[in-house]
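These notes concern the structure reproduced below.
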Amino acid sequence: QTVGTGITKHEFECPSSCSSLVNQEVTVLREYLHMHEVGLRITNEQVRNGEVIRSGNVEYWEFDQNGNAAVQQDEFTVKPGDSFRTTCYYKDTDGSRTFGLASSQEMCMAFLYYYPRQVIELGVGMNLGWFCGVDIGFPQCDASYQQTTLESKDELNREYAVENTECVAEGDRIDPSDVNSGAFASPPPFQLMAIVGAVGTFFL
């Protein structure tokens, strides 16, 4: 699967049936987004009852700088029935770039670090980590995929600023010595959930 020539948009939607496999909500501590060399922008939208309730974005992707880019946000919850739409934008001048494992190929991935740990039971003594991707052979978590060619970078729909933000006052800054003093409770064991958009592959 090639990325496509010029500026392209790739949408991967993890269906609500995947999160419905677990019977409780989970708390996401961190969200990491990942692309490779020709990536421009990546977003990961959380959809509940047909409405986008949250979006983690990396507006300007730089592979040499990012690796896995942590989204700057508070923790959030995922409830059974939530779906995710991961969208990656690329610019490939000659159209030869393909999706795959190598750094010279492309990826479109979102990683959620969450607790409590969830396991999908397949029966006959087999369990599955919680993940979603294209053509993974597990219908409840098979992501849909759509590719669109864009006319210009204006269609990247970048968000340049966030409204109603304030700088932290000097007196409100966290004392680093408090981190190990019990001021911050340690979370329960957590698990990695991968919402994967590398076509035909998945990663844990």
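Taking the C-alpha atoms of segment 1-157, how large are the radius of gyration and the largest Cα-Cα span, Dmax, in Å?
16.0, 51
Over every pair of different alpha-carbon atoms in segment 95-135, take the mean of 1/r and invert it; report that Kirkwood radius in Å.
Numbers: mean 1/r = 0.0751 Å⁻¹.
With all distinct Cα pairs of segment 95-135 included, I get 13.3 Å.
How compact and how long is segment 9-50, expressed as Rg and Dmax of its alpha-carbon atoms in Å?
13.2, 38
Taking Cα atoms of segment 1-77, Rg/Rh with Kirkwood Rh, to two decimals? Spell out each step's value before the answer.
Values: Rg = 14.4 Å, Rh = 14.5 Å.
Radius of gyration relative to Kirkwood radius: 1.00.
How many nm is it between the label spots at residue 101 and residue 24, if each spot is 7 Å from the Cα in line with the beta carbon?
3.6 nm
Give me the lysines in straight-line cross-link reach of residue 91: C-alpha distance below 24 Å, same-chain residues under 8 apart excluded.
Leaving aside lysines fewer than 8 places away in the same chain, those within reach of residue 91 are 9, 153.
For residue 37 and residue 63 in one chain, what is 0.36 nm times their gap in residues minus the Cα-Cα distance, to one decimal in nm? Don't jump to the answer; show the numbers that get you there.
Details: separation 26, 0.36 × 26 = 9.36 nm, distance 0.54 nm.
Here the segment from residue 37 to residue 63 would lengthen by 8.8 nm.
Any read-out appearing in this document is the output of simple, stated calculations on the displayed coordinates, not a laboratory observation. Not measured: the values here are computed from a predicted model. Cβ sites come from the backbone with ideal geometry, for glycine too, and all protein chains shown count toward neighbours.
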